[in-house]
Structure formats: C-alpha cells, structure tokens
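This report concerns only the one structure given below.
The values are calculated or read from the model by the stated rules, or taken from the named source; none is laboratory data. Worth saying up front: this structure is predicted, and the values here are computed from it rather than measured. Every residue, glycine among them, receives a Cβ derived from its backbone with ideal geometry; neighbour counts consider all protein chains shown. What goes into the accessible areas is simple: the full protein's heavy atoms, side chains included, and nothing from ligands, DNA or RNA. Shrake-Rupley method; radii C 1.70, N 1.55, O 1.52, S 1.80 Å.
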Amino acid sequence: ITLPREALVVLVGIAASGKSTFAGRWFPPTAVLSSDQMRAIITDDPSAQGATDDAFDLLHRILELRLRRGRLTVVDATNVEDWARIQLLDMARRHRRPAVAIVLDVPLKVALERNALRASPRPPPAALRRQHGWLRSSLPALADEGFAAVHVLSAPDEIDATRVEVSTERPT
C-alpha cells in the first residue's frame, strides 16, 4: 500500500482485528491517533467507555491540527459505522487532504479468539458481533464514501504480508 504523504489514514475494523498492531508496525507513534490512547490521556484508563465522547472530541481536535499542517495521520478506532467515517472524511476534505481507508476484515472467529486473550476489561463478544455486522454492511458502499483509496485486508496472513510505504512526492 502506497500512501500520499499528507493523507488521513482511516483504519476500519472490529475490536481485536489488529488495527493497533498494524498501526504500530507501519506508522510512527506521533502519527497514530487512537481512541484508546485518548481515553487513557483523559482518564488514565484506555477502556473507560464513559469517556468515549471526550476521547473522540480530543482525537478530532488533534486530527484537525495535523491535517491543517499536512501531516500523515492515522485514526486507530473501529470506524465500522458510516457516520464515524463521514466525520473523518469531512475533516480531510476541509483541509484538502486525501483520505485512505485500510480495512482489517478478519473473520469474526479470529477477533473473538484474540479478544478472549486480552486482559480485562475487554469488549464483550456481543459488541464484536455487533461491530462485525456494521462492518460487513458497510463494505459494499465504502468505495463510494469519498476515500481516495480503499484497501481491504481479509485474513491475518494477508495483513501480516502487507507492506505500507508513504510517497515522498508532493501532491499536485
């Protein structure tokens, strides 16, 4: 996957699909805005679901600043619902930055197994099933939402084999 150097990268995938691992492998920590990280900044607890609205408010504020400065930025959140992606796409458009979706569409069984191995507190299996339904219903329309590119990675070995590069060319 080759990304424009000023892009907004929207990771899309259910909990335990490997978004944070993927982001950590391919992007510098300063480029990754994680909803868990924002909850931790606000409450010292990345799983504090009661702080989610504040966490996304902070994430969006930082995203606006990075987009304004033309910095490659990765949003590490589930982004499985269209309204969440639309907010991010609107910000990218306002700053004339390309947005790229990288979808980690792992099988539900894989995510449930990974989730069960996570330390508590972790999302309940019902939350992963609900997110998986939203993701599956979003996939057919994702390419029409306004992303410059959509990359769907459908298996753990495909995700592991994927390489990410950032273009050194200036946008025209």
Requested in this report: Round to the nearest 10 and report in Å² the accessible area of M91, as given by a 1.4 Å probe over the protein chains' heavy atoms.
Outcome: 10 Å²
Report summary line: About its Cα centre, the chain carries a charge dipole, from +1 on Lys and Arg Cβ atoms and -1 on Asp and Glu Cβ atoms, whose size in debye to the nearest 20 is 300 debye
Report summary line: Distance in nm between W134 and T52 label points, each 7 Å along Cα→Cβ, equals 0.7 nm
Report summary line: By the Kirkwood definition, with r running over pairs of different Cα atoms, segment 1-95 has a hydrodynamic radius in Å of 13.5 Å
Query - DSSP-loop trypsin sites (Lys or Arg not before Pro) across segment 18-85, with at most 16 other Cβ within 10 angstrom - result: R69, R71
Requested in this report: Grab the Cα-Cα distance for A149 and I41, subtract it from 0.36 nm times how many residues apart they are, and report the gain in nm with one decimal.
Outcome: 35.8 nm
Report summary line: Rounded to the nearest whole number, the per residue volume of the convex hull around the C-alpha atoms of segment 22-172 in Å³ is 126 Å³
Query raised in the report: Across segment 23-39, in residue order, what do the Karplus-derived ³J(HN,Hα) couplings come to in whole Hz, using 6.51 cos²θ - 1.76 cosθ + 1.60 with θ = phi - 60° and x for Gly and Pro?
Result: 4, x, 6, 10, 10, x, x, 5, 8, 9, 10, 10, 4, 5, 4, 5, 4
